[in-house]
Amino acid sequence: MWSTESTNQIANISGYFEDAYSIFVTENGDIFIDNDIENGHRVERWLSKEDKFEIVMNVSASCYGLFVDINDTLYCSLQHHSKIVKTWLNDKSMIITVVVGESSPSDPSIKITFPCGIFVDDNFDLYVADSGNNRIQLFQLGDSTGKTVAGETSSNPTTALDCPTGIVLDANKYLFIADLMNNRIVGSGPYGFRCLIGCNGQGSESHQLSAPWSLAFDSYGNIFVTDRNNHRIQKFLYIENSCGKFKIFL
């Protein structure tokens, strides 16, 4: 672990992990980690105040996306089973419920394929990076029918995506997407979607990306990107222009 603006490591959290595809950090500092161990798949939580691990979810495959909502419900994106499952963290029995993808429906708005990143907003609406269908699906609370909010199949075509894997909503409900095969980060705004990072093609320069997998914001609006094929984490600074209306990442 590193502090903001520092290259000095402040902590080292060690454990037995294999093929950890995703992590999620809560506001209190707890860390949730996907752990694909030899004898099964599970999600573990590192308790920051106690400096120890505990198992919080046993699953049938790796979680390619993790999210904890404001009600302490843990969501897992099971890419290889094309479904999203959840469990309530205060229930020690760790009962798992399927949220999306329980069957194989003919309605394409319900079916998801190889889901990756997930995000749950304060209304408990679920956003899914439906990577196999090149789109972002919104499943509102209690509704199994998805609405395409980004991708060519949207009712209001927005931007073409190619295997989106990461997704984040900001406080204004603007959508930010790691567009894996297009090697870029795109974001929505008052005038629709636009490319933010990696807009000049794939590469290893500081302004370029190669297969970005996930993204996250800090409290200052800076964006962090898992730049997978370049084997690095990239930080892009948030800057407002002179009118204070547009976001620019450098």
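Values in this text are rule-based calculations from the coordinates and carry no lab data. The shown structure was predicted, so the numbers you read here are calculated from the model rather than taken from an experiment. Methodologically, a virtual Cβ is constructed for each residue, glycine included, from the backbone with ideal geometry; neighbour enumeration extends over all protein chains shown.
For the stretch 1-61, calculate the relative contact order in percent as a whole number, restricting contacts to Cα pairs under 8 Å that are 6 or more residues apart. Don't skip to the answer; put the middle values down first.
Details: 99 pairs, mean separation 12.7, N = 61.
With pairs under 8 Å counted, the relative contact order is 21 percent.
For the ranges 191-197, 206-212, what's the packing order if you count other beta-carbon atoms within 10 Å of each residue, average per peptide, and put the highest first? Write down the numbers at each step before the final one.
Numbers: 191-197: 15.6, 206-212: 18.4.
The most tightly packed comes first, giving 206-212, 191-197.
What order, most packed first, do the peptides 54-61, 183-190 have when packing is the mean number of other Cβ atoms within 10 Å of each residue? Don't jump to the answer; show the numbers that get you there.
Details: 54-61: 15.5, 183-190: 19.6.
The densest-packed peptide leads the list: 183-190, 54-61.
Express the relative contact order of the chain as a whole percentage, based on alpha carbon pairs under 8 Å and six or more residues apart in sequence. List each step's numbers first, then the result.
Working: 606 pairs, mean separation 19.2, N = 250.
Once normalised by length, the contact order is 8 percent.
So the label point goes 7 Å from the Cα of residue 121 along Cα→C-beta, right? Which residues of the stretch 172-190 then have their backbone N under 15 Å from it?
172-177, 188-190
What full-extension length gain, to one decimal in nm, is calculated for residue 220 and residue 240 as 0.36 nm per residue of separation minus the Cα-Cα distance? Show your work: numbers first, answer last.
Values: separation 20, 0.36 × 20 = 7.20 nm, distance 1.17 nm.
Length difference between fully extended and current span is 6.0 nm.
Mean 1/r over all different Cα pairs, inverted: what Kirkwood radius does the chain give, in Å? Can you show the working numbers first?
On the way: mean 1/r = 0.0533 Å⁻¹.
The answer is 18.8 Å.
Please give me the summed charge of the neighbours of residue 169: other residues whose Cβ is under 14 Å from its Cβ, Lys and Arg +1, Asp and Glu -1. Mind showing how you got there, number by number?
On the way: positive: 173; negative: 69, 121, 122, 125, 170.
Overall, the nearby charge balance is -4.
Lysine pairs, Cα distance under 20 Å, 8 or more residues apart or cross-chain: how many in the chain?
10
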